[in-house]
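Coordinate-derived values only; no laboratory data. Quick caveat, the model's predicted, so the values are computed rather than measured. Every residue, glycine as well, gets a Cβ built from its backbone with ideal geometry; the counts of neighbours run over all protein chains shown.
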Amino acid sequence: MPSDLTIAEVRVVLADIPVKRPHKMSFTTLEAVNFAFVRIETRGGLVGWGEAACLGGPTWSEESAESVQAVIERYVAPWLVGRDAAEIEPLRREMARRVQGNPFARAAVEMALWDLNGRALGVPVHRLLGGRVRDRVPLSWSLAVTSPEAEIEEARQKVALGHRIFKIKTAAHPVAHDVERVRRIREAVGPGVSLRVDANQGWDRPTALAAIRALEPYDLDFVEQPVPRWDLDGMAEIARRVTVPVMADESCGSPHEALAIARLGGVSILALKLTKSAGILGTMAIARIAEAAGMSCYVGCMIETSLGTAAYLQVALAAAPVTWGCELFGPLLLKGDVVRRPVQYADGAILALDDPGLGVEVDEAALRECTRR
Ligand code: MG
């Protein structure tokens, strides 16, 4: 007999997990990632999980782990209890109507619904998205180290371990310093390794143009989010004036934003993240817009545990336009994890998950270890 998918309980757990080394970006230097985990249990006894990873409070966007918890507990959980978890799309639409913005909160709930449905049907979530188009996704490692010497050493170690793609976090320093970092990293890793740069909105238009032109000799795959997220015109203009492809990340949260970026032209790559786009359905919509506009995609991260990573991975496996790989390295940078068997990596890639639901089993004892008290 099929399991009763009526939602019986929605719980949110806050947790903090330190990173193995400080992670320096244009807007903050991170010592720990803050998480809101969502646990949804059905009357039939099935449990689905979702995760929102936040980078030290409302720094990357307006949301924090605390705001995610408040929104879900007060404005989602009360009406979600008693509803049919099988109705992912109707529930997604209702959630969007009742909760403006707050995509991280909505994404964490939607992830748990997908997990429940995959488990109920005994299939991985990528099957529900049309099946996987790849069995592994090339992995980018983010170089965001506080000391330039340690950064070169980290790049060398990662190359020895099989990593072939690096993203260099910039715009926390003057442009000349960042250009010198990129020059030294290119020299250290050699010509066969992919390098990308992420400014995390840290430059204004003239600085971005000067920086990208100065970086052109180092054979970058792309430059990510050079200007503030609201400056779509500036990003399009810069993309037209440089030879390096430009990728939108913070600017591309919703399908509406993806459409606006596509219409302005110039930008050729969209970064996908389940949390900024309120879940899997919103993210797949952006991938379709990219495909229709002749653009390609990359799967970013917010430094998720194996749980959130598994959710992002389902999209990276199923969305054909994801031709630039992913940066689902969260489990490698975090000091702890919340699942029984972490996601697996080999030869510079993250491997497909084919178990039911999101494909990982949450270890509630491990979660209790990092739960905020
Ligand atoms: Mg980014």
| remark: Taking the chain and counting helices only, DSSP H stretches of n ≥ 4 at -39,500 (n - 2.57) each over all residues, the nearest-500 ellipticity at 222 nm comes to -11000 deg cm²/dmol
| query | How many angstrom lie between the C-alpha centres of region 327-360 and region 49-81? | reply | 23
| query | For V322, which sequence-distant residues (separation of 5 or more, or a different chain) have an amide H within less than 5 Å of its own amide H, given hydrogens modelled in the peptide plane? | reply | C297
| Sequence of C370, C297 once ranked by neighbouring C-beta atoms within 10 Å, starting from the fewest | C370, C297
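When each pair of different Cα atoms in region 246-345 is counted once in the 1/r mean, what is the Kirkwood radius in angstroms, to one decimal? Let's see the in-between values first.
Numbers: mean 1/r = 0.0737 Å⁻¹.
By the Kirkwood definition, the hydrodynamic radius is 13.6 Å.
Would you please name the chymotrypsin sites (Phe, Trp or Tyr not before Pro) within region 200-259 that are DSSP coil residues with at most 11 other C-beta atoms within 10 Å of their C-beta? Don't jump to the answer; show the numbers that get you there.
On the way: sites: W203, Y218, F222, W230; in loops: W203, W230.
Loop-located and lightly packed - W230.
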| Binned at 10 Å from 0, what are the whole-percent values of the Cα-Cα distance distribution for the chain, short to long? | 5, 26, 35, 24, 8, 2, 0
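Determine, for V338, V179, the number of other Cβ atoms within 10 Å of each Cβ, and report the residues in order from fewest to most.
Lowest count first: V179, V338.
Of the cross-linked pairs K276/K335; K20/K276; K24/K167; K20/K273; K20/K158, which ones have a Cα-Cα span greater than 21 Å in the structure shown?
Over 21 Å Cα-Cα: K276/K335; K20/K276; K20/K273.
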| Along region 62-75, what does the Karplus equation 6.51 cos²θ - 1.76 cosθ + 1.60 (θ = phi - 60°) give for ³J(HN,Hα), rounded to whole Hz, x for Gly and Pro? | 6, 8, 10, 4, 5, 5, 4, 4, 4, 5, 5, 5, 8, 10
| So how much slack lies between L121 and E149, counting 0.36 nm per residue of separation and subtracting their Cα-Cα distance, in nm? | 5.0 nm
| note | Rounded to two decimals, the Debye log10 I(q)/I(0) of region 79-168 (Cα scatterers, no solvent) at q = 0.24 Å⁻¹ is -1.13
| query | Tell me, what does the Kirkwood hydrodynamic radius of region 90-245 come to in angstroms if you use every pair of distinct C-alpha atoms? | reply | 18.4
